[in-house]
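Everything below concerns the one structure shown next.
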Amino acid sequence: MTHGAMVESLVGGRWRAGSGRRLPVVDPALGEPFAEVALCSADEVGEAIGAATRAAAAWRRVPPGERIQHLFRFKGLLEQELEALAQGITRECGKTLAEARAEVRRGIENVEVACGMPALLQGWVSEDIAAGIDELMIRQPLGVVAAVTPFNFPAMIPLWFLPYAVATGNAFVLKPSERVPLTATALGRLAEAAGFPAGVVQVVHGDKQAVDALLDHPDVRALSFVGSTPVARYVYARAAAQGKRAQCQGGAKNPVVVLPDADLEMTTQIITDSAFGCAGQRCLAAATAITVGEASGRFSEALCARAAARRIGSGLDAEVEMGPVISAESRTRIAGLVDQGLAAGARPLVDGRRAAVPAHPRGFFLAPTVLGGVAPDNPLAGTEIFGPVLCLTEVPDLDAAIRLVNDRAYGNMASLFTSSGAAARKFRYEVTAGNVGINLGVAAPMAYFPFSGFKESFFGDLHAQGRDAVDFYTDKKVVIERWPKEWSRRF
Ligand code: NAD
């Protein structure tokens, strides 16, 4: 088996292959490896942290207005390379090119927001908190910060962190998913080309060993994590035990509630796009449609028709609306969960488990699946599937729908489809989810809002993006000054 290119890490301004295990990078549409990634050992991660520590000492002294010049160049390069980045994402992650382009665009928005850092970093001053005494709050960078990211948004999620971390004056170490290492490597090359000094942006490829090395190193002050809930919980606890700041985004099982007064066309289009876009591998994907009262029959039928009509295939094919899932194991896991849901009483309204894409017989394809009658006690009702499976549940009224949403362990997103303002306000007010959509299927916050998440979907307090990122990456130093006025008479 030929593996093609070896994917290297960027440590201390040099690209080099890690000395640890080598893993194949697999094209999910072809089901074949096309590159190999060399994982870093704990010692190599330690080297990166050492280089970051040295770089951070000088970088914090670079005025914010100069630091962001590197980000402006980085943004220009991201724009210039958008198509190449999108092609790379489709190749290693499987999503369609349109989805990959949109992902890069959402990533670039974070660079744009971080370019406003000189203003975002401003502190406060109170004159005369007592006679002749002033108090200031100054934000200062932490030093070395790191992010550990998942496979499903290989460009966007690293960009939730990198621009803010460096614009606030920190050195940043990225540990991307070992399943999609090429996009992170491309981001590292663009950061290098943007002129960030060696050690300010580093990329270390690795697995749990590399993550533990970041967690246990005393010089890493803060760690951002995005991935599944069990790992998020583990990372949060281990980071806290070491006295680190941590923000850990976990899994999801997002409910969308449909009231009878919702617009049939628009609602079913939006829900199917949300459920089956990126093959359901989105932390904001609609996973359960809760239909209220008489919405149940009409909306279920229309959702099934749209799901069954979705064209699957390679994400590089412009006609295709849904690409493969990330791996053969993922496909087996998803099909197994569907089996369990059916055994517990769900009905297979659209069954995509035996999808065939003749042009790519070895690809990891599943077609959209819709399961009807997923009762609240069905194990699937609260389980993240992370694949193209939409569960349908019927409830008598909005109160019952909100209770169902709030009873669930996850709290990433909840959406309501309705034409009633009063229902929308009640929903927005009462649901325990961090990102709420009204007539929206993927309520993904803009870069200048926090990417929220409640309950088992988030461990921490400060979220990714925007002002929360500024708070996360800085210490607030408070200075209280007394300059007795009689001293001024000396001059
Ligand atoms: P994952 O948890 O398997 O991996 C995420 C990262 O953690 C990777 O970099 C991986 O190398 C590392 N990792 C894996 N196991 C580890 C361990 N035992 N110890 C330390 N590090 C470990 O997640 P994934 O499969 O790459 O991504 C899918 C998951 O991410 C889904 O659950 C999805 O909901 C979630 N996700 C959440 C958000 C959000 O904003 N809440 C966004 C995207 C994805």
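The values are calculated or read from the model by the stated rules, or taken from the named source; none is laboratory data. Quick caveat, the model's predicted, so the values are computed rather than measured. Reconstructed Cβ throughout: ideal geometry from the backbone, glycine too, with neighbour counts over all protein chains shown. Side chains are part of the model used for accessible areas, which takes the heavy atoms of the whole protein and leaves out ligands, DNA and RNA. Shrake-Rupley method; radii C 1.70, N 1.55, O 1.52, S 1.80 Å.
Which value results for Rg/Rh of the range 147-233 when Rg is the Cα radius of gyration and Rh the Kirkwood radius based on the inverse mean 1/r?
On the way: Rg = 12.2 Å, Rh = 13.1 Å.
Over the Cα atoms of the range 147-233, Rg/Rh equals 0.93.
Dividing the helix sum by the residues of the chain, where each DSSP H run of 4 or more adds -39500 (n - 2.57), gives a mean residue ellipticity at 222 nm of -11500 deg cm²/dmol. For Val479, the accessible surface of its heavy atoms amounts to roughly 40 Å² (probe 1.4 Å, protein chains only, rounded to the nearest 10).
Sorting Cys248, Cys283 on solvent-accessible area from highest to lowest, probe radius 1.4 Å, gives Cys283, Cys248.
Computed over protein heavy atoms with a 1.4 Å probe, the accessible surface of the range 28-101 works out to 40 Å² per residue.
Please give me the summed charge of the neighbours of Ala444: other residues whose Cβ is under 10 Å from its Cβ, Lys and Arg +1, Asp and Glu -1. Once all neighbours under 10 Å are counted, the net charge is +2.
In percent, how large is the relative contact order of the chain, given Cα pairs closer than 8 Å and 6 or more residues apart?
On the way: 1178 pairs, mean separation 89.2, N = 491.
Dividing the mean separation by the residue count of the chain yields 18 percent.
Using only Cα atoms and rounding to the nearest 10 degrees, what angle (0 to 90) does helix 264-276 make with the longest principal axis of the chain? Helix 264-276 and the main axis of the chain meet at about 70 degrees. Averaged over residues, the count of other Cβ atoms within 10 Å places the peptides 34-47, 436-449 in the sequence 34-47, 436-449, highest first. Going by alpha carbons, how many degrees (0 to 90, nearest 10) lie between the helix axis of 181-193 and the longest principal axis of the chain? Roughly 30 degrees, rounded to the nearest 10.
Near the amide H of Asn254, within less than 5 Å, lie the amide hydrogens of Ala287, Thr288, all on another chain or at least 5 residues away, with H placed in the peptide plane.
For the set Ser419, Ser274, the ranking by accessible area, highest first and with no ligand, DNA or RNA atoms included, is Ser419, Ser274 under a 1.4 Å probe. When a/c reaches 1.5 or more, the comparison of a/b and b/c decides; with that in mind, is the chain rounded, prolate or oblate per its Cα gyration tensor? Oblate. Here the peptides 388-397, 170-179 are ranked by packing, the mean other Cβ count within 10 Å, and the order with the highest first is 170-179, 388-397. Whole angstrom only: what separates the Cα centroid of the range 166-238 from the Cα centroid of the range 314-372? Here the two parts' Cα centres lie 31 Å apart.
Rolling a 1.4 Å probe over the protein heavy atoms leaves Asp273 with an accessible area of roughly 60 Å².
Let me check something: with ligands and nucleic acids excluded, how do His217, His463 order by accessible area (1.4 Å probe), largest to smallest?
Numbers: His217 45, His463 20 Å².
Solvent-accessible surface, decreasing: His217, His463.
The mean sequence separation of alpha-carbon pairs under 8 Å and at least six residues apart, normalised by the residue count of the range 21-121, gives a relative contact order of 29 percent. The H on the amide N of Gly18, modeled in the peptide plane, is under 5 Å from the matching H of Ser9, Ala38, each at least 5 residues off or on a different chain.
Working note: Karplus 6.51/-1.76/1.60 with θ = phi - 60° gives the range 427-442 the couplings 5, 4, 6, 9, 6, 9, 9, x, 10, 10, x, 10, 6, 9, x, 10 Hz, where Gly and Pro are set to x.
Compute the long axis of helix 97-114 from its Cα atoms, compare it with the longest principal axis of the Cα atoms of the chain, and write down the angle in degrees, 0 to 90, nearest 10. Approximately 30 degrees, to the nearest 10.
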